[in-house]
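What follows is a short report on a single structure.
FYI, it's all coordinate maths here, none of it is from the lab. From a predicted model like this one, the values you see are computed outputs, not experimental measurements. So basically every Cβ, Gly included, is an ideal-geometry build from the backbone, and we count neighbours across all protein chains shown.
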Amino acid sequence: MTIAESSSATGLWARYLSERSQNFRDELVIFYSPLVKYVAGRLGSGLPKHVENADLVSYGMFGLIQAIERFDPTRGYKFESYAIARIRGSILDELRAIDWVPRSVRSMAKDVERAYARLEFRLGATPSDAEVAREVGISESDLMKIFSQISYTSVVALDKVLPALEGNPGSFYDRLDGERLQPSVELDQKESQLILRQAIRTLGNREKTVLALYYYENLTMAEIGAILQLSEGRVCQIHTKAVMQLKAKLTKADWN
């Protein structure tokens, strides 16, 4: 953001926070609308072609409006970071609500997830591709094909890895909402975050790199492929495998 843009945003926020009028809110929506296009573009790169980018932008606008209405500048974090989380969450919530994943693909994803969870619990370690393939009753090459077919289901999976917070059914990103949590709930969340961090450390280097570039650097699968010198399809497979492994490790933690 340039100095002029920063100054303009400050003026818009000052007017909106002083009066909370819809007109000033709408000015902020227009000013920050590029954030919605940015998030929709990043998410859309991992989704099937029948999911229209214009629909993602529409879903994301609701998140932007919520972000503006709920943002508390006294909490000390940047609005852009807060808004991106809310926009992303709004898009993912809508995608889940319309059940855009074909039933056959969802069934395959559940079969592989269960296989990972069983093996993680039985072996006490991350299973290999060969072990997962045997558990599902298929070849390794067929497992890779399944990873490709279910790759776009895992795009919306990682923010559901952590258990929903008590009294807050939204995604982990919604924790930025600024709502106060009960001490016991906050303790549970910290424990879940610790388990997730520990689980991520056990992933292979490529899996960790793909997750970091996609979720923290906001790169598309194609951009990650260019960096790692892999095809976009291969990056999607690695991402799917990493998410499956994380979910299995957290399932194992719940069982223990």
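Restricting to Cα pairs below 8 Å that are 6+ residues apart, what does the relative contact order work out to for region 3-97? Please round to a whole percent.
27 percent
Once you wrap a convex hull around the alpha carbon atoms of region 29-122, what is its projected area averaged over all directions, in nm²?
Mean projected area for region 29-122: 8.2 nm², to one decimal.
Quick check: residue separation of Tyr38 and Ser81 times 0.36 nm, minus the Cα distance between them. What number comes out in nm?
14.2 nm
Place the peptides 84-92, 51-59 in order of packing, highest mean first, counting for every residue the other Cβ atoms within 10 Å and averaging per peptide.
The densest-packed peptide leads the list: 84-92, 51-59.
Dividing the alpha-carbon Rg of region 50-102 by 2.2 N^0.38 Å yields what?
Relative to the 2.2 N^0.38 Å estimate, region 50-102 comes out at 1.27.
Can you give the net charge of the other residues whose Cβ lies under 13 Å from the Cβ of Met108, counting K and R as +1 and D and E as -1?
With Lys, Arg at +1 and Asp, Glu at -1, the neighbours total +2.
Can you pick out the pairs among Lys78/Lys110; Lys49/Lys110; Lys37/Lys78; Lys49/Lys247 whose Cα atoms lie more than 30 Å from each other?
Lys78/Lys110
By per-residue mean of other Cβ atoms within 10 Å, what is the highest-first order of 60-70, 240-250?
Packing proxy ranking, top to bottom: 240-250, 60-70.
Assuming 0.36 nm per residue, please report the length gained on full extension of the stretch Arg103 to Arg197 beyond their Cα-Cα distance.
30.7 nm
Would you kindly derive the ³J(HN,Hα) couplings of region 104-119 from the backbone phi angles with the Karplus curve 6.51 cos²θ - 1.76 cosθ + 1.60 (θ = phi - 60°), listing them in order in whole Hz, with x for Gly and Pro?
Per residue, the Karplus-derived 3J(HN,Hα) values read 5, 5, 4, 5, 4, 4, 5, 4, 5, 4, 5, 5, 4, 5, 4, 5 Hz.
So how much slack lies between Leu228 and Arg20, counting 0.36 nm per residue of separation and subtracting their Cα-Cα distance, in nm?
Once the chain is fully extended between Leu228 and Arg20, it gains 70.2 nm.
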